[in-house]
Structures are given as C-alpha cells and as structure tokens.
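Worksheet for the structure shown next.
FYI, it's all coordinate maths here, none of it is from the lab. Keep in mind that what you see is a predicted model, and the values were worked out from it rather than measured. Here Cβ is always computed from backbone atoms with ideal geometry, including for glycine, and neighbour counts include all displayed protein chains.
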Amino acid sequence: MTRGTGSVEESFEAARPARAFVDLDRIEHNVAYLKGLLPPGCRFMAVVKADAYGHGDLEVSKAAVAAGADCLGVALVEEAERLRAGGVKSPLQLLFEPPPGTAVRAHSCDMTFNVYTLEFARALSEAAAASGRPAVVHIKVDTGMRRVGIYPEDVRGFASSLLELPGLELEGICTHFAVATEPENPFTATQMERFEGAAAEAEDVAGRVLVRHAANSAGVLAFPRSHYDMVRVGIAMLGLPPSEHFADDRELRPAMSLTGDVAFVKRVGPGEGISYGLTYAPASSAYIATLPLGYADGVSRIQSGKAEVLIRGRRRPVVGTICMDLCMVDMGDERVQAGEPFTVIGRDGEEEITMEEVAGRLGTINYEVACMISARVPRVYVRGRERE
C-alpha cells in the first residue's frame with residue numbers, strides 16, 4: 001500500500017486510521033475500455049484537474065498514460081506545475097485561460113492552451129515570442145454551455161486574429177457539452193452541428209485541418225459522432241458513471257473507496273443524547289462506535305442522521321451530528337472493538353455503498369463526492385482488488 005504523497009513502493013503507516021484506497025489497475029482498465037470505444041487514431045485526453053477529482057493527480061496521470069492516454073487535461077496553471085514537478089512529461093492541455101498576467105509562467109509549463117479571449121492570446125503571444133518557443137493553442141467555442149468560449153459566429157474573425165499573432169500555433173478547436181449526461185436530450189446534437197460549422201470556418205481561415213474535440217465522458221459513452229479527433233475523459237476514467245443514465249455500464253470500475261478503523265466504542269444508556277445538539281438518543285441501551293472521519297474529511301455534516309456505513313458486512317446508521325473529525329454509529333447490541341474496519345464508500349462482503357448513493361443523500365453528483373474527500377485523508381494506491 002502507498003500514500004498519496006509517496007511512491008508506489010512506499011509502505012503506509014496510519015497515525016490516524018482513515019484512508020482512501022485508489023485502485024490503479026481499475027483506472028487502467030477504465031482507460032482501456034473507453035479507448036476501445038473510439039475510432040482509430042482518436043486521441044484520449046485524461047482529465048486530471050482537481051487532483052484527478054480527488055483521486056490524486058500524479059498517480060492517476062501515470063496510470064492513465066500507462067493505459068494509453070495521449071495527453072492530460074488540467075484546469076489551473078498550478079495543476080500543470082505540480083505535474084511537471086512530479087516528473088510527468090506527457091503532453092498537457094490547459095482547459096481554461098488563466099489571467100493574462102500569468103502567461104509567461106503558464107507557457108513555461110510547456111503545454112497546449114485553450115484560448116477564447118484576445119487579451120490572453122496576446123499575452124501568450126508575447127510570452128512565446130520572448131521564449132523563442134511557440135505556444136500551441138486550441139480555440140474554445142461556446143456552442144450552448146454559456147460558460148467560457150467564443151460564439152460560433154465569431155470564430156472566423158477570432159481565428160484570423162490568432163493567425164496574425166507571432167509565436168502562436170493554431171492546432172485545434174473545441175467545445176463542451178451541456179447536457180450529454182442526458183442522452184435523450186436533443187440539445188447535444190444541436191451543439192455538435194454548431195461546433196462542426198464553427199470548426200469548418202476556422203479551418204477555412206487556417207487553411208488546414210484542425211484537431212477537433214468535444215466529447216466528455218458522457219459524450220464518449222453516448223454520442224459516437226462527437227468523438228472527432230480527440231476526447232476528454234475524467235469521471236468515467238475513474239470508474240464513476242457520468243450520470244444515472246450510465247449506471248448500468250458494468251465495464252466502469254470505481255477506483256476509490258473510503259475506509260478506516262473504529263476509533264472508540266462505548267455503551268450508551270436509553271435516552272442519552274449523542275453529539276452536538278444531542279439530536280439523537282437510542283431508545284434502548286446501545287453500543288456507539290466512534291469513527292475517525294468527519295466533515296473536514298468530506299463526510300458532510302448534511303448527512304447527519306442520514307448516512308450509513310458498513311461494519312462487519314452490514315449497514316449501520318450514522319447517528320447524531322457529524323463532527324469535524326468524528327462521527328458516531330449506532331451498533332445496537334452488537335459490540336465491536338476499536339480497530340475494527342469500517343467502510344464509508346466501497347464494498348464490504350455483499351454490501352456496497354457507492355458514491356452515487358452518497359451523492360443522492362447530499363442532493364449532488366458523484367463528481368462532488370469524490371472531490372469532497374479532503375487532502376488530509378491519505379490516498380493509498382493499490383493494485384487489483386486487495387484492500388488490506
């Protein structure tokens with residue numbers, strides 16, 4: 001087993017008995033499966049922004065590349081710097097523009113840039129010209145997401161402006177889907193039509209074919225037409241379905257589980273309140289197990305009185321208010337010992353708690369659940385199904 005900050009050979013010793021296991025074999029399986037859905041020659045971008053959605057960007061990047069990912073996607077210059085400092089030499093692409101004043105710093109990371117404002121494009125041009133090394137750029141088109149990007153009708157003029165800037169090399173054009181997680185929604189087809197028209201305009205101006213990319217995880221799974229020349233995959237690479245519409249895809253294998261060891265056990269009498277606010281009291285005498293995870297770790301306080309965990313292969317209710325560092329479980333008359341394992345996310349015997357189940361309690365999506373697991377929970381990298 002390994003720590004999130006260590007190498008794959010480094011042993012893990014928990015001062016605090018809580019950890020998030022990340023199965024690298026599963027990540028490699030997911031990448032291989034998803035690549036198998038693509039047409040020949042289509043590039044695979046592994047999106048590892050936000051610390052690979054909480055899974056650990058360095059180790060996930062290495063596993064994704066080992067499984068055939070062609071490049072890596074990040075959202076921040078700081079994320080690119082971290083990967084380069086960690087020894088990652090694979091091609092990187094910055095998905096969002098940073099402030100123009102950071103262009104020199106960003107260009108030093110040796111990566112491709114999505115661009116959608118002339119302000120940043122000019123700053124990047126100056127940085128590239130000063131360094132003597134061209135900056136490769138892709139035009140980001142807003143085909144309906146209304147987040148970032150230029151409108152399709154502005155692509156011709158924007159592409160012309162980019163071609164006039166020294167030091168910039170126009171390589172590609174991209175967009176992002178707003179509702180690909182809803183396969184029956186016709187708006188994705190509308191976005192593809194807008195994008196294809198915009199790409200044709202840009203290519204006409206550039207006088208050459210550009211790398212086209214639009215598909216996210218849901219696009220890869222549901223819209224083969226959107227695969228174009230490259231796809232950008234994040235959540236599905238980690239084995240998590242992009243939405244409930246993909247929940248039956250058995251080839252996606254979740255890579256992360258959140259586990260720990262019981263910290264303390266006491267017998268509580270009937271009617272005795274538990275935790276802040278004394279919001280819960282057992283009707284009869286019960287064993288209460290205290291677990292060393294709380295909302296500072298990503299076990300949200302919103303789940304108070306709703307969450308369940310697995311202990312000895314059975315579901316147990318989390319009771320009382322979830323604390324910053326701890327939460328409590330009502331074991332009834334079954335006495336457990338400090339040091340016994342529990343599972344917050346993952347499988348124990350025949351029972352399993354998924355990130356999707358947790359997301360349902362919180363009224364959110366599995367993406368956020370993964371990202372919520374904080375950095376103070378050690379990531380332990382394993383191979384295969386071994387979890388001990």
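What is the order of Glu182, Glu334, fewest Cβ neighbours within 10 Å to most? Walk me through the numbers before you get to the answer.
Numbers: Glu182 16, Glu334 13.
In increasing order of surrounding Cβ atoms, one gets Glu334, Glu182.
To make sure I understand, if each residue's beta carbon is the centre and we count other beta carbons within 10 Å, what order do Leu278, Leu326, Leu76 fall in, fewest to most?
Numbers: Leu278 11, Leu326 18, Leu76 15.
Lowest count first: Leu278, Leu76, Leu326.
Determine the distance separating the Cα centre of the range 185-225 from the Cα centre of the range 13-36; give it in Å without decimals.
The range 185-225 and the range 13-36 have Cα centres separated by 32 Å.
Assuming a ≥ b ≥ c are the square roots of the Cα gyration tensor eigenvalues, decide whether the range 15-74 counts as rounded (a/c under 1.5), prolate (otherwise, with a/b larger than b/c) or oblate.
prolate
Could you work out the mean projected area of the convex hull around the alpha carbons of the range 254-388, in square nanometres to one decimal? Walk me through the numbers before you get to the answer.
Numbers: hull surface 31.6 nm².
Taking the Cα atoms of the range 254-388, their convex hull projects to 7.9 nm² on average.
How much FRET efficiency would the formula 1/(1 + (r/R0)^6) give for Glu334 and Val104, where r is the Cβ-Cβ distance and R0 is 41 Å, rounded to 0.05? It would help to have the intermediate numbers written out before the result.
Working: r = 62 Å, r/R0 = 1.51.
Result of the calculation: an efficiency of 0.10.
For Thr117 and Ala375, what does the FRET efficiency come to when R0 = 41 Å and r is the distance between their Cβ atoms, rounded to the nearest 0.05?
On the way: r = 32 Å, r/R0 = 0.78.
That pair, Thr117 with Ala375, gives E of 0.80.
Which trypsin sites (Lys or Arg not before Pro) does the range 202-234 hold that lie in a coil by DSSP with at most 13 other beta carbons within 10 Å?
Details: sites: Arg208, Arg212, Arg225, Arg232; in loops: Arg208.
Listed in order of number, the matching sites are Arg208.
For the chain, build the convex hull from the C-alpha positions and give me its volume per residue in Å³.
Values: hull volume 55.7 nm³, N = 388.
Output value, Cα hull per residue: 144 Å³.
In what order do Glu272, Glu153 fall by count of nearby beta-carbon atoms within 10 Å, going from fewest to most? Kindly include the intermediate steps, with their values, before the conclusion.
Values: Glu272 14, Glu153 11.
Taking fewest neighbouring Cβ atoms as first place, the list is Glu153, Glu272.
The range 247-278 to the range 295-335: how many Å between their Cα centroids?
So the separation of the two Cα centres works out to 4 Å.
What is the chain's relative contact order, in percent, from Cα pairs under 8 angstrom and six or more apart in sequence? Mind dumping the intermediate values first?
Working: 860 pairs, mean separation 73.0, N = 388.
Computed value for the chain: 19 percent relative contact order.
Taking 20 °C and 1.002 mPa s as the conditions, I'd like the Stokes-Einstein D for the range 24-244 in µm²/s, using the Kirkwood hydrodynamic radius from alpha carbon pairs. Write out the running numbers ahead of the final one.
Numbers: Rh = 17.5 Å.
The estimated diffusion coefficient comes to 122 µm²/s.
Please give the calculated 222 nm ellipticity per residue for the chain, where each DSSP H segment of at least 4 residues contributes -39500 (n - 2.57) and the sum is spread over every residue; nearest 500 deg cm²/dmol? It would help to have the intermediate numbers written out before the result.
Working: 11 runs with 106 residues, N = 388.
It comes out at -8000 deg cm²/dmol, rounded to the nearest 500.
Reachable aspartates and glutamates from Lys266, Cα under 16 Å, same-chain residues fewer than 8 places away excluded?
Within the straight-line cut-off, Lys266 pairs with Asp330, Asp333, Glu334, Glu340.
Which distance in Å, rounded to a whole number, links the C-alpha centroids of the range 341-358 and the range 99-154?
Going from one Cα centre to the other spans 42 Å.
Taking R0 as 51 Å, what FRET efficiency do you get between Phe264 and Val209 from their Cβ-Cβ distance, rounded to the nearest 0.05?
Values: r = 64 Å, r/R0 = 1.25.
It comes to 0.20.
Taking the alpha-carbon distance from Lys140 and a cut-off under 25 Å, which lysines remain once sequence neighbours fewer than 8 residues away in the same chain are dropped?
Lys35, Lys49, Lys89
Put a dot 7 Å past each Cα toward the Cβ at Arg314 and Tyr151; how far apart are the dots in nm?
Here the modelled spin labels are 6.3 nm apart.
Simple spin-label model, 7 Å along Cα-to-Cβ: Leu362 to Ser285 in nm?
The two pseudo-label positions are separated by 3.8 nm.
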